[in-house]
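Report on the structure given below.
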Amino acid sequence: MSIEYVKQAPRPVNEADPAVRERVAELLAELEEGREEAAIRMAATFDDWTGPVLADERTMVAAASKLDRQVLEDIDHAHDHIRRFAEAQLASLSEFEMEIEPGLVAGQRNVPVDVAGCYIPAGRFAHIASALMSVATASAAGVPNIVVASPARADRGGVHPAILHAARVAGAHHVLGLGGVQAVGSLALGLFTGLEANMIVGPGNSFVAEAKRQLFGRVGIDVVAGPTESMIAADHTANPVTVATDLIGQAEHGPDSPVWLVTTSHELAEAVNALAVEHADDLPDAARASAAAAWRDYGEIVVVDTAEEAASICDAYAPEHLQVMAEDLDWWKGRLRNYGSLFLGEQTNVTFGDKTSGPNHILPTGKAARYSGGLNALKFVKQLTWQTMTPEASRMEAPVAARISRLEGMEGHARTADLRAG
């Protein structure tokens, strides 16, 4: 394979800082011991919030009155797409039963978890789309208890009204005004609601990600998310302005968010390399700082000879978001194997997937797409198997099971089979 780097960069380390690991462990231990009082104390310390933690029904209903009509309509539009896609995912998983041999019947039931905890970031901005992505997906899966946690702040009078409204529309049953480790720990411990989460999902900062990592096993999680990643695979037909705009648009996620281009066109590579800096510099202040740093430190442009080589690069990087701007999109869709979500064609932008189009935006990073997909309705559903046997089928199965048990040195198992041998 012939590879040329027009711009080369390292990949961010997708591991928690040891200081973060230690601090998160301390905070989780405090929550375990102090419970609600500890969570209230942390909310005051970290978010300067001393008001009620659990939003009541009147507060959730009233949130809509604080939002513009266009915001309400936009939330409804995005929610409709996200819910319908999640419902189709759920429908793709079937319950079944089958007669494996005469008298031996086995099957599968699909049972949603009892409690889903959904974390919704709300630092500088309210992550409305994250509320819809997590809550609507859990609701579509049939989860009977959905608890949301999102930072409450004094300058907002509590949880951001757009998040309160989106969570309510999507199907949340409870909303906690908590952020960070205290939010994730409270979801796991069932603080303020008495409902211990079976699954905790949603994006967040390094402390949120580390809290989910440390609680995994005690609860299920969606992904341990690292910095947002985006990759574009393009050929000579791609518009360099579009490619550069889309790369920098994703780079504004943060200064450590890598954006990559792999292309079969050297001309496109050079044009994008020049345009990317211009597009970053043209953004408003906060976005400009993040995008410029991300492009400078983690932006990469790779030139290869063939589409097959480009696809191999994509699979090796296993990006969170993967856009293809090239000829023969059907070939790319069938060939590519490792990505969080795939966006085919210049008109199919990652921002649409982030906000409104339907498939979930909570996706694997740090090459986790090699073995896992993103959040979906099936993450909230357990596939439970069952079986039943007639006496005749039991007698037929018994000697085989007994022999295998004894071969494995498990005499107790063998004797339970012998008892059914008749």
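The values are calculated or read from the model by the stated rules, or taken from the named source; none is laboratory data. Just so it is clear, the model here is predicted, and its values are computed rather than measured. Glycine also receives a Cβ, built like all others from the backbone with ideal geometry; neighbour counts cover every protein chain displayed.
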Inset, instruction - Please state which one of Ala197, Ala140, Ala116 is assigned by TED's automatic domain parsing to the domain that holds Glu33, buried (at least 24 other Cβ atoms within 10 Å of the Cβ) and farther than 23 Å from Leu27 by Cβ. - result: Ala140
Legend entry - Enumeration of residues in segment 379-392 that are assigned to a helix (DSSP H, G or I) and either over 44 Å from the mean Cα position of the chain (by Cα) or exposed (fewer than 14 other Cβ atoms within 10 Å of the Cβ) (or both): Pro391, Glu392
Inset, instruction - Give Arg420, Arg403 a once-over and let me know the one that is part of a helix (DSSP H, G or I) and among the basic types (Lys, Arg). - result: Arg403
Legend entry - Single residue of segment 274-295 satisfying the filter (over 16 Å from Ser230 (Cβ atoms) and not hydrophobic (A, V, I, L, M, F, W, C)) that is modelled with the lowest pLDDT: Asp285
Inset, instruction - State whether the residues of segment 248-255 include one that is outside any helix (DSSP H, G or I) and either farther than 28 Å from Ala19 by Cα or touching a Leu at 6+ places or on another chain (Cβ under 9 Å) (or both). - result: yes
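Here's the yes/no breakdown for (1) in contact with a Phe, Trp or Tyr (Cβ under 6 Å, 6 or more places away or on another chain); (2) within 15 Å of Ser134 (Cα to Cα); (3) at pLDDT 95 or above:
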| position | (1), (2), (3) |
| --- | --- |
| His77 | no, no, yes |
| Ile82 | no, yes, yes |
| Phe85 | no, yes, yes |
| Gln89 | no, yes, yes |
| Phe96 | no, no, yes |
| Gln108 | yes, no, yes |
| Val111 | no, no, yes |
| Val115 | no, yes, yes |
| Tyr119 | no, yes, yes |
Legend entry - Count - residues of segment 319-341 that are closer than 22 Å to Met133 by Cα and crowded, with 19+ Cβ neighbours inside 10 Å: 8
Inset, instruction - Quick one: count up the residues across segment 5-62 that are acidic (Asp, Glu), loosely packed, with under 12 Cβ neighbours inside 10 Å and within 18 Å of Val148 (Cα to Cα). - result: 2
Inset, instruction - Please indicate, with yes or no, whether at least one residue in segment 352-369 is free of Cβ contacts under 8 Å to residues at least 40 places away in the same chain and touching an Asp or Glu at 6+ places or on another chain (Cβ under 8 Å). - result: no
Inset, instruction - Go through segment 152-167 residue by residue and tally those that are surrounded by fewer than 21 Cβ atoms within 10 Å (Cβ to Cβ) and either of a type in the set (S, T, N, Q) or assigned to a helix (DSSP H, G or I) (or both). - result: 4
Inset, instruction - Considering every residue within segment 286-300, establish whether at least one is among the hydroxyl-bearing types (Ser, Thr, Tyr) and in a loop (DSSP other than H, G, I, E, B). - result: no
Legend entry - Test: Lys367 is within 21 Å of Val324 (Cβ to Cβ), basic (Lys, Arg) and in contact with a His (Cβ under 9 Å, 6 or more places away or on another chain): no
Inset, instruction - Select from segment 257-285 the residues that are of a type outside the set (Gly, Ala, Ser), in a helix (DSSP H, G or I) and out of contact with any strand residue (DSSP E or B) (no Cβ under 8 Å at 6 or more places or on another chain) and list them in ascending order. - result: Glu267, Leu275, Val277, Glu278, His279, Asp281, Asp285
Inset, instruction - Scan segment 66-92 for residues that are surrounded by fewer than 14 Cβ atoms within 10 Å (Cβ to Cβ) and of a type in the set (A, V, I, L, M) and report the count. - result: 2
Inset, instruction - Kindly check whether there is at least one residue in segment 118-125 that is without any contact (Cβ under 8 Å) to a residue 60 or more places away in the chain and among the hydroxyl-bearing types (Ser, Thr, Tyr). - result: no
Inset, instruction - Can you give me the number of residues within segment 341-378 that are in a loop (DSSP other than H, G, I, E, B), in contact with a strand residue (DSSP E or B) (Cβ under 6 Å, 6 or more places away or on another chain), more than 19 Å from Ile75 (Cβ to Cβ) and not aliphatic (A, V, I, L, M)? - result: 1
Inset, instruction - For segment 276-304, name all the residues that are surrounded by fewer than 16 Cβ atoms within 10 Å (Cβ to Cβ) and over 23 Å from Ala233 (Cα atoms). - result: Asp281, Asp282, Pro284, Asp285, Ala286, Ala289
Legend entry - Matching residues in segment 1-30 - criterion: being more than 25 Å from the chain's Cα centre (by Cα) and part of a helix (DSSP H, G or I): Glu26, Ala29, Glu30
Inset, instruction - Hey, could you check segment 321-366 for residues that are of a type in the set (Phe, Trp, Tyr) and out of contact with any helix residue (DSSP H, G or I) (no Cβ under 6 Å at 6 or more places or on another chain) and say which is nearest to Ala16 (Cα to Cα)? - result: Phe352
Inset, instruction - Assess whether Ala307 counts as being of a type outside the set (D, E, K, R) and surrounded by 15 or more Cβ atoms within 10 Å (Cβ to Cβ). - result: yes
